[in-house]
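Participant: First the structure, then my questions, so here it is.
The values are calculated or read from the model by the stated rules, or taken from the named source; none is laboratory data. Fair warning: this is a prediction, and the values are worked out from it, not measured in the lab. Cβ atoms come from the backbone with ideal geometry, glycine included; neighbour counts cover every protein chain shown. Calculation scope for accessible area: heavy atoms of the full protein, side chains included, ligands and nucleic acids excluded. Shrake-Rupley method; radii C 1.70, N 1.55, O 1.52, S 1.80 Å.
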Amino acid sequence: MSAQPRALHGLAAWARALAVTGMVMTADQVAKQLVVDHVAHTDPVELILGIQISNVRNSGIAFGLLDGSSDAVVLGLTLGALGLLVAYFAVHARRPDLWLPVGLVVGGALGNLADRVRIGAAIDFLDPPLWPAFNLADIAIVAGVGLFVATLLGSDGDHGATG
């Protein structure tokens, strides 16, 4: 593969990752705003199987981990993890299907960071029994990490090279 098609493939991967990031952030923020507008803090909405739509705040990271930690700790961990992920993607953007998990994780992380900047905590609303409440950003992060691992384990590292 010549240098030009490789560069275009890398740019296409960045464009896809950014598109996924934008879609995740948009869906997450719209869902959270709907919950804030229509669900009182003290009046969750029952769905099925004990799952509720609640209007709760999470000052920690995903699923309430590190709840009560300082904003600097949460921000530092989030930005550090995002920096490592984006740096890895910058080097390996041509790796097939890596754009999707990167877009999911970055979009989810930025969705929750937007809440922290605006109100000091993430807005969680999906509240199953026996599990901490979470949101669409958390789902995207978990799915993205799972896909990231699967992509790394499922690829032999040969990206069109001949030999």
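Participant: Can you check what the Kirkwood hydrodynamic radius comes to for region 73-163, Cα pairs only, in Å to one decimal? Walk me through the intermediate numbers first.
Facilitator: Values: mean 1/r = 0.0689 Å⁻¹.
Radius from the Kirkwood sum: 14.5 Å.
Participant: Sort Leu79, Leu104, Leu147, Leu98 from largest to smallest accessible area, using a 1.4 Å probe on the heavy atoms of the protein chains. Intermediate values should be presented prior to the final figure.
Facilitator: Values: Leu79 90, Leu104 30, Leu147 70, Leu98 0 Å².
Result of the area sort, largest leading: Leu79, Leu147, Leu104, Leu98.
Participant: Here's a follow-up. When Lys and Arg each count +1 and Asp and Glu each count -1, what net charge do the other residues less than 15 Å away from Ala143, Cβ to Cβ, add up to? Show your work: numbers first, answer last.
Facilitator: Values: positive: none; negative: Asp28, Asp97, Asp138.
Neighbourhood net charge equals -3.
Participant: Given a 1.4 Å probe and heavy atoms of the protein chains only, how would you sort Trp131, Trp99, largest accessible area at the top? Mind showing how you got there, number by number?
Facilitator: On the way: Trp131 135, Trp99 60 Å².
Highest to lowest solvent-accessible surface, that is Trp131, Trp99.
Participant: Another one. Give me, ordered by chain and number, the residues 5 or more places off Gln52 or on other chains with an amide H under 5 Å from its own placed amide H.
Facilitator: Under 5 Å from the amide H of Gln52 lie the amide H atoms of Leu47, Asp127, each far enough along the sequence or on another chain.
Participant: In a shell of Cβ-Cβ distance under 13 Å around Gly111, excluding Gly111 itself, what net charge do Lys and Arg (+1) and Asp and Glu (-1) give? Walk me through the numbers before you get to the answer.
Facilitator: Values: positive: Lys32, Arg116, Arg118; negative: Asp28, Asp115, Asp124, Asp138.
Charge balance in the 13 Å sphere: -1.
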